[in-house]
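Here is the structure we will look at.
The values are calculated or read from the model by the stated rules, or taken from the named source; none is laboratory data. Worth saying up front: this structure is predicted, and the values here are computed from it rather than measured. So basically every Cβ, Gly included, is an ideal-geometry build from the backbone, and we count neighbours across all protein chains shown. These accessible areas exclude ligands, DNA and RNA; they are computed on the full protein's heavy atoms, side chains included. Shrake-Rupley method; radii C 1.70, N 1.55, O 1.52, S 1.80 Å.
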Amino acid sequence: STMRERKTTDPPHSSTNLGEGKEKLRLKQEVGLVSGVSLIAGTMIGSGIFMSPEWVLHHMGNPASSLLIWAACGLLAMFGALSYAELGTIIKESGGEYIYILRIFGSFPAFLFAYTSVILVRPAGLAAVCLSFAEYAVAPFYPGCSSPQVAVKCTAAACILLLTLINCLNVRLATSVMNIFTAAKLLALLVIVVGGLVLLARGQTQSFQNGFQGTTVGIGAVGVAFYQGLWSYDGWNNLNYVTEELKKPEVTLPRAVMIAIPLVTCLYLLVNVSYLAAMTPSEVLSSGAVAVTWGDKVLGSWAWLISLSVALSTFGSSNGTFFSGGRVCYIAAREGHMPEILSMVHVRCFTPSPALLFTSVMSLIMIASGNFTSIVNLFSFIAWFFYGMTISGLLYLKIKKPQLPRSYKVPIFIPVIMLMAAVYLVLAPIIDQPQTEILYIIPFIFSGIILYFPLVRFKCHPRFLQSITLHLQLFLEVAPTTRDAN
């Protein structure tokens, strides 16, 4: 059958099982509804809402159409999350797109997703958010001038190392950090919203007069505007990466989605209105960091609160990205698509520490290379290609396998709209405004094809890898995991 049969017993491991004779190791179910909402909202609200509004406005040409893009991005994120919620109740495994592509389409496309995501997309996205955190954290120490790149990169690297420590020690500690920072960033956004409402009450509505004048109509420009807006909504699918760690996933997953995404969408729209109430469109476009400019205009001597809020927001978002990104690496290794050591869990902390350490190392390499000017377009192109593939898998299951048990069903028109949007977002910028960075993806994916057949398909593993795995297992105090058959 096309719906691939999954393993329900422990795979044979050549390495020594440190947990032998004890309770079988598995990740604990410690993510409840509050933590689930925090993981989604906390990852979505990162640097994007403080940086992207000027770029959405730039590509759309006027305030009213840019607000429509923000609303459409929120609706699209909601449609995607609801579609994923149904997938999460059919395939109750962690791993997000990776595990859905694996179970529906098979090993080869799933490997290409894992390879691209684990090596490039997740580490690059994490590095970009950590660099944003570092820019705001370092800025107060260099007033009146740009911060030295060495200081920024060292701060970003320290942020990644701290996140690695938090996430390796304890899942509950990582979710607590998410909850605290989500509360802090929501408070910061509420300050901006209230400030904007006060300005509107005083009659500062000039930016909204003739709001649709000069709207951009090019399909490529609209596609890139969506990329910039959707970058701020990225994280709507994060709960699907940790399905096995959810308490009552069939209930928690849909509820968390229905709470978090409308909340974030409303906040984003109100924050954009606040920006435009305080500044003219030309001032927004000329601002290097629109939130900081808003703080200077509205808060005066208290403007430093905005810089602090952005630093807290980006740190919390980095934690959510790291938490879920490490799970993709862990699940892919558990399925045999990554080195075996990455599928193991610490015998006392019950965290996938090897996978988290690998993600950390790759992100540090990305920070060292340091050029992230095109990260949003590159990230969005790859992400929406695989989103489209995943949604097409859901449509296949709804049409061909309606008898599969699921506790939540999304109306079929929602994944259809989501698939059409994914096709548009992948093709429109290529047709209208080809981006050179997209060309780099082709040889990278081709290198994954070369690796797949000898290492995964035919399992040609050099013998010294077994010895390395054994020594790393003993050094890191990790063991293979098991899982329940759902």
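Quick notes on this one:
- Accessible area per residue in Å² at 1.4 Å probe, computed on region 240-326: 33
- Cα pair distances in the chain, grouped into 20 Å bins until the bin that holds the longest one, percent each: 24, 58, 18, 1
- Helix 63-90 vs. the chain, principal-axis angle (Cα, 0 to 90°, nearest 10): 20
- In units of the compact-protein estimate 2.2 N^0.38 Å, region 235-310 shows a Cα radius of gyration of 1.54.
- Each residue of region 224-241 was assigned a 3J(HN,Hα) from its phi angle through the Karplus curve 6.51 cos²θ - 1.76 cosθ + 1.60 (θ = phi - 60°); the sequence is 5, 4, 4, 4, 5, x, 5, 4, 6, 9, 4, x, 4, 9, 5, 5, 5, 6 Hz, with glycine and proline shown as x.
- Inter-probe distance in nm under a simple model that places probes 7 Å from Cα toward Cβ, at residue 141 and residue 474: 4.1
- Calculated FRET efficiency, residue 463 to residue 365, Cβ-Cβ distance, R0 = 35 Å: about 0.80 to the nearest 0.05.
- Here the scattering of region 262-407 is modelled by Debye summation over its C-alpha atoms, one equal scatterer each and no solvent; at q = 0.09, 0.11, 0.16 Å⁻¹ the log10 of I(q)/I(0) is -0.52, -0.74, -1.14.
- Considering only 446, 281, 467, the residue lying farthest towards the positive end of the dipole of the chain is 467, judged by Cα position with unit charges set on Cβ.
- Residues in region 193-208 carry Karplus couplings, in order, of 4, 4, x, x, 5, 5, 5, 5, 5, 7, x, 7, 10, 4, 5, 9 Hz; the curve used is 6.51 cos²θ - 1.76 cosθ + 1.60 with θ = phi - 60°, and Gly or Pro positions show x.
- Accessible surface of region 33-478, 1.4 Å probe, proportion on carbon and sulfur as whole %: 71
- Per-pair calculated FRET efficiency, R0 = 35 Å: residue 219 and residue 28 via Cβ, rounded to 0.05: 0.15
- When its C-alpha radius of gyration is set against 2.2 N^0.38 Å (N residues), region 191-298 gives a value of 1.36.
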